[in-house]
Amino acid sequence: MTETQPNSSMSDTAIRTDGGTETEESFRQRLRSNPRPAALWTAVLLLLILPEFSRFIDWALTLGGGVKFVLDGFIAAPAWVGSNFEESLGFLVGSVASDVTALLLLFVLATLLRGYLPLHPDSKLGLELSRSRRIWFERSFLTAVFAAVTAVLVFTPLGAALRNEAGFYVGTLDSLSEIQTLISRETIPNHGYQTADGSWEGTFLGLSPRYAWLTRFLVVWVYAAIFIAWLWRGYNVFREHYRSMDWTPRDDVVDNLRNHNWGIFGLAIVLGFIVLALFAPTIATYPIQENIYEPYSGDSEFKYFDEEAGEVQTALHGDANLDSRSQGEGSGTVSINEYDDYDRYAPLGTTTKGKDMMTYIAYGAQTSLTIGLVAILLAVFMALLLSLASAYYGGIVDLVTIIATDSIISIPIFVLVLMMSVVFSQGDVWIAEPMDGGFLLALIYAFAYMPSMWRSIRGPSLQVAEEEWVDAAKSYGQTPLAIMRKHMAPYVLSYLIIYSSLLIGGIIIITSALAFLGYGVTAPTPEWGRLISNGRQAVATESWHVSTVSGVMIAIVVTGFNALGDGIRDAIDPQAEANSGNAGGGA
């Protein structure tokens, strides 16, 4: 337990029953009374961000593009529903179905945002409504406002003007994201050519491509380690100087996890996997567009020293890939830590199609991380909503939820995912386009894993629904949505965190298995399972690395997520101190 600040007076603190103290000052007041630690930490954080500023902008644009894709899907849903009705029942019915679908979506949005209204519209209009009627009135009022705003944006020039304005700012940010960073490929280039005297041109400090790439690789990990350590320092600054309470149960969880060797091992692996995915453009040996996606484009041309001709010549990555294919005996295999005939260095060798494996592995991590995070976040959201609603209302709601989830659980996960992936992919739906089926796969995972996640938190949800503080909130007139959000959800979130960390490993395995079978994420988007499939015939040859390296990567990452899940589970468990002392830690 940390000591309270010396300048805190007894009038500003309250003694709690567990022996700790809790200040009555707001966070802003605590920040103003002691700004130096926060200012120092923020200044150093900005200094760390500045060298990689354009990379952070690129990440923000990528996230914004994903959000825009989802929003475009919701916007297109009414038109899609209307067109289906129009084909069978006529134009008038299709138009009505489209409008009704749009209003239903806006009503759902209004229901979620009603609690954040700064005022009550019925009071402003002088209406005297009961509590239930006030809720429905506010939802209807917000729906009408959203519908009016949508109509203005769609049917007036204002919408086009706003889209143009947004496009201008996005374009500006996109230009900023192209600025060279400290550890970018342009700053530390590794792709050059050798001259007749044996020296290298175009590489960092004239180093060979091997050492130039290794320099950039090491700088990435040093930067990531410093950044992560400083974020941890920020949590400790908040914990020591600005938290309202000098102790919370979260402190015990963090301390238990820090003493859990198996959990720390898993955390290190997971953080490494995330760094590999986020910094894939820098860690990759060559740009993915030139080496994998468009190897025959004009941008893929590069220089190399032709020993037979005794001069520097040019070639395309596509042609060089054909001569560097690792397909077993008799092929132009480029193994681990070797150069091909075009002076291209391959830290992990080349694939069966001659593409650089380090580039493939790095971007494959990006694919797996994106699919896993999207799937888990959606599954957690749906499972949380269902568990809280079924526990709060019970009765028919709980019964219907049980029947629906049991129907899904009755189908094996792999069979369900494979079946839905094939059906939607062959149906040529728009959600199958991003990441060559990766986004569709994430949605299928969310649907397939949601029932088991709901089942894992159904017990805690039923337990918290019977607690006295929930009954007290009901007696004070709080809405069911507010009670679920404020008084029930925090209690069950810890269970979801444990289960989520354990499930991501399973998602990575199934994604790889589907790619191995030729389904799920299709070419050219990199996926580790496809490497195993392509290289399985050459495992016993000099091209063994194709399947082996990707298989080892899958095993390490899945083990890391499982170890982290075990560590979090034992840290939250009241008996974690006893468990963490055991060999292996995660038992």
**Message:** Which order do you get for LYS474, LYS124, LYS353 if you rank them by accessible area with a 1.4 Å probe, largest at the top?
**Reply:** LYS124, LYS353, LYS474
**Message:** Quick check for me: using +1 on Lys/Arg Cβ and -1 on Asp/Glu Cβ, what's the dipole size of the chain about its Cα centre, in debye to the nearest 20?
**Reply:** 1960 debye
**Message:** Given the -39500 (n - 2.57) contribution per DSSP H run of 4+ residues, what per-residue ellipticity at 222 nm results for the chain, rounded to the nearest 500 deg cm²/dmol?
**Reply:** -21500 deg cm²/dmol
**Complete:** Restricting to Cα pairs under 8 Å and 6 or more apart, the percent relative contact order of segment 384-517 works out to 29 percent
**Complete:** Dipole check, the chain, charges on Cβ (K,R +1; D,E -1), about Cα centroid: among LEU386, MET358, GLN289 the Cα furthest to the positive pole belongs to LEU386
**Prompt:** If you stretched the chain out fully between SER410 and LEU385, how much longer would it get, using 0.36 nm times the residue separation minus the C-alpha to C-alpha distance?
**Reply:** 6.9 nm
**Message:** Over all directions, the average projected area of the alpha-carbon convex hull for segment 149-257 comes to how many nm²?
**Reply:** 14.5 nm²
**Request:** Give the calculated FRET efficiency between VAL145 and ALA523 to the nearest 0.05, with a Förster radius of 56 Å applied to their Cβ-Cβ distance.
**Result:** 0.75
**Message:** Can you give the Rg/Rh ratio of the chain, where Rg is from the C-alpha atoms and Rh is the Kirkwood radius?
**Reply:** 1.00
**Request:** Quick one, can you get me the convex hull of the C-alpha atoms of segment 303-350 expressed as volume per residue in Å³?
**Result:** 75 Å³
**Message:** Restricted to Cα positions, what overall size does segment 105-191 have along the principal axes? Three whole-Å values, descending.
**Reply:** 73, 30, 22
**FRET efficiency, 1/(1 + (r/R0)^6) with R0 45 Å, evaluated for LYS68 and ALA196 via beta carbons** = 0.30
**Request:** Would you mind calculating the gained length between ALA79 and SER475 on full extension (0.36 nm times residue separation, minus the Cα-Cα distance), in nm to one decimal?
**Result:** 138.2 nm
**Reachable lysines, given that their alpha-carbon falls under 28 Å from the alpha-carbon of LYS124 and they are not under 8 places away in the same chain** = LYS474, LYS486
**Item:** Additional length obtainable on full extension of the chain from TYR293 to ASP99, 0.36 nm per residue less Cα span
**Value:** 65.8 nm
**Relative packing of peptides 440-453, 514-527 - highest average C-beta neighbours within 10 Å first** = 440-453, 514-527
**Complete:** Output ordering of 162-169, 281-288 (per-residue mean of other Cβ within 10 Å, highest first) is 281-288, 162-169
**Message:** Rounded to whole Å, give me the distance from the Cα center of segment 291-364 to that of segment 155-223.
**Reply:** 21 Å
**Request:** Give me the percent of the accessible area of segment 335-451 that comes from carbon and sulfur atoms, probe 1.4 Å, all protein chains in place.
**Result:** 70 percent
**Prompt:** Given LYS303/LYS353; LYS68/LYS353; LYS68/LYS303, which pairs have Cα atoms separated by over 31 Å?
**Reply:** LYS68/LYS353; LYS68/LYS303
**Request:** Select from LEU205, ILE498, ILE49 the residue farthest towards the positive end of the dipole of the chain; place +1 on Cβ of Lys and Arg, -1 on Cβ of Asp and Glu, and compute about the Cα centre.
**Result:** ILE498
**Request:** Taking 7 Å along the Cα-to-C-beta vector as the label spot, tell me the ASN337-LEU399 distance in nanometres, rounded to one decimal.
**Result:** 6.8 nm
**Request:** Set Lys and Arg Cβ to +1 and Asp and Glu Cβ to -1, take the dipole of the chain about its Cα centre, and tell me which of TRP430, THR370, LEU106 lies farthest positive.
**Result:** LEU106
**Message:** Can you give the FRET efficiency to the nearest 0.05 for PHE27 and LEU112, using r as the Cβ-Cβ distance and R₀ = 30 Å?
**Reply:** 0.70
**Prompt:** Given the C-alpha centroids of segment 375-416 and segment 28-101, what is the distance between them in whole angstrom?
**Reply:** 26 Å
**Fill in**
Its Cα gyration tensor gives segment 175-323 an equivalent ellipsoid whose semi-axes in whole Å, largest first, are 45, 15, 15
**Asked** Rounded to the nearest whole Å², what accessible area per residue is found for the chain with the 1.4 Å probe?
**Response** 53 Å²
**Request:** Go through 553-560, 393-400 and give me the packing order, highest mean Cβ count within 10 Å leading.
**Result:** 553-560, 393-400
**Asked** How many nm is it between the label spots at ALA482 and SER244, if each spot is 7 Å from the Cα in line with the beta carbon?
**Response** 1.7 nm
**Message:** Need one number: nm distance between label points at LEU47 and ILE264, each 7 Å from Cα along Cα→Cβ, rounded to one decimal.
**Reply:** 2.8 nm
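The values are calculated or read from the model by the stated rules, or taken from the named source; none is laboratory data. None of these values were measured; they are calculated from a predicted model. Because the Cβ atoms are built from the backbone with ideal geometry, glycine has one as well, and the counts that use them run over all protein chains shown. Surface accessibility is based on the protein's heavy atoms, side chains included, excluding ligands, DNA and RNA. Shrake-Rupley method; radii C 1.70, N 1.55, O 1.52, S 1.80 Å.
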